[in-house]
1. Percent of accessible area on the chain owned by carbon and sulfur, 1.4 Å probe?
2. Of 449, 391, which has the most accessible area and how do the rest follow, probe 1.4 Å?
3. Suppose every Lys and Arg Cβ carries +1 and every Asp and Glu Cβ carries -1, with no other charges. What dipole size does the chain come out with about its Cα centre, to the nearest 20 debye?
4. Over all distinct Cα pairs, what is the inverse of the mean 1/r for the chain, reported as the Kirkwood hydrodynamic radius in Å?
5. ³J(HN,Hα) across region 338-345 via Karplus (A = 6.51, B = -1.76, C = 1.60, θ = phi - 60°), whole Hz, x for Gly/Pro?
6. Could you sort the peptides 429-435, 238-244, 142-148 by per-residue average Cβ neighbour count (10 Å cutoff), highest mean leading?
7. Positive end of the dipole of the chain, charges at C-beta (+1 Lys, Arg; -1 Asp, Glu), about the Cα centre: which of 177, 440, 296 has its Cα farthest in that direction?
8. So which aspartates and glutamates pass the test for residue 320, namely a Cα distance under 20 Å, with those fewer than 8 places away in the same chain ruled out?
Amino acid sequence: MNLTRASILKRLRPCSLTVLVLACAAASFPARVVAQEKPAHEQQARLPRVSEALQLDMQTERLVGEQARNPAEAVLRVPLRQQLLLDPQGRYRLETDSVYPGPIRFQFLELGLPEGISTVDLLKWRQGLAISRLPAAVARERWADHEFLVPAWLLQRLSAVRGEPAADGSLAFTDAAGRPARLALDGASGRVLWARSAGRRYEYSDYETLAGGLQQPRRISEQRGEAPAWVWQVQAVAAPNTKPAAYALPAGYSDAPADAAGLRATPLGGGSYRVDGLSSGYHSSFSIGSQGIAVFDAPVSPAEAASVRALIEQLAPGRKVSHVVLSHAHRDHIAGLPAYQADAPQVLVGPEARQALRRQLGSAWAAWDERVQELQGPHTLDLGDRRVQLWPLASRHASDMVVAYDSQSRALFQGDLFYIPELGPVPPAFATGQELLDLIQAQKLDPAWIVGVHGRSGTLAELRQALALRAQGIRQQGQGFGAP
Ligand SMILES: [Zn+2]
């Protein structure tokens, strides 16, 4: 039911808007009902205090652009589970879990405390043992965002209301981060129908009454800007006995040392280089031959790829990039391609990847249409004094995967099949690691380096070690580490 302006005004006679708001707030906290006849300032003082932490088990399906296994699919539906412990003292503990694309799993723990946010990778592969940190102001905003998942808590902020409800019946308040916000109440039940703040809009439905009388929606639709809404299924329970350890990081993680060396091309030997120090944390690589230069992947934006292009210019002044090999057409691996337009290179991609590039490059596609070649089988690039072999690989992560091997530097270039974090030990591999090892064995390759787009470069021994850890995990847990 919508709270119309007429119904609000009807209820405003004879009492004030503030009284209406407090009465509605009280309706959501039936344990301690506010007496309507008291003056407003006294009622504010008697509003029930939120003192218990809540645990929210939440599920949704995210729509992720340009990350599907199949290049024909622009959007991938990714199931996301998260568990949020929200503490009224301004702390939260958020554990997220998602598996995509293919068998790759992400499991992160984010602790938001008044002094700031710390995030760690619970599976220790993408981020390894490194703690990523954000400042106190961000922690305050994220806590305030999370409070919109418990609309009954928002009602306590309505005491700051000034003036009339808006034409849509909504009431103004200031959220926990001090941002202007609005919410609308159902006139009959006093429950919050919707709220909005900081470009987000939340709609609440399927309410249940928790122990203690808290009214909590089981369905929350969260709209962020123009993006499609995330529809959360929420199971909430009071968590009054939360141990302090819930807000502590697990042992073994540490702050990553600052990368003081800055942007640089790290030699892999034999004329191949890997680019380190990009602000995104991604890597690109290249091999310089007497008759051409091949670049492997173009992450994550034209600006970053332009800085890679500038490094190549330093090492090979005046020479053109003759080939760009894209490991697969996921957005984060190809978005920098326009930075190579002046080189007019040939672009090598896996089967059916052209459509994904056309979609992502939009109006810039015309400049690339003639240059992008899909591989239908093994292919060799001739760079004069060196050759680079390419193999398409229909991976479970991306069906258009391409693996490259430069036999002069013995560097194997791959994207998203095998990861070793920058900081931390070799983690268990995903199923994609076996796909890579199968190819290395079938082609009798002898790589000195397995070079990735994420994390540090590894060796063949480390790939085998990661696969042994994966097998061990499957034996111990009865299920694959991130296995589909
Ligand atoms: Zn990918």
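1. Values: 10540 of 20840 Å².
Its accessible area is 51 percent carbon and sulfur atoms.
2. Working: 449 95, 391 15 Å².
Most to least solvent-accessible, the answer reads 449, 391.
3. Working: 51 positive and 47 negative charges, 238 e Å.
About 1140 debye.
4. On the way: mean 1/r = 0.0394 Å⁻¹.
With all distinct Cα pairs of the chain included, I get 25.4 Å.
5. Per-residue couplings from phi come out as x, 5, 9, 4, 5, 6, 6, x Hz.
6. Values: 429-435: 23.7, 238-244: 11.4, 142-148: 21.4.
For the peptides 429-435, 238-244, 142-148, the packing ranking is 429-435, 142-148, 238-244.
7. Result: 177.
8. 297, 304, 343, 369, 370, 382, 385, 406
The values are calculated or read from the model by the stated rules, or taken from the named source; none is laboratory data. All of these numbers come straight from a predicted model, not from anything done at the bench. Positions of Cβ are backbone-derived with ideal geometry, glycine not excepted, and every protein chain shown enters the neighbour counts. Areas reflect the complete protein model, heavy atoms only, side chains present, ligands, DNA and RNA absent. Shrake-Rupley method; radii C 1.70, N 1.55, O 1.52, S 1.80 Å.
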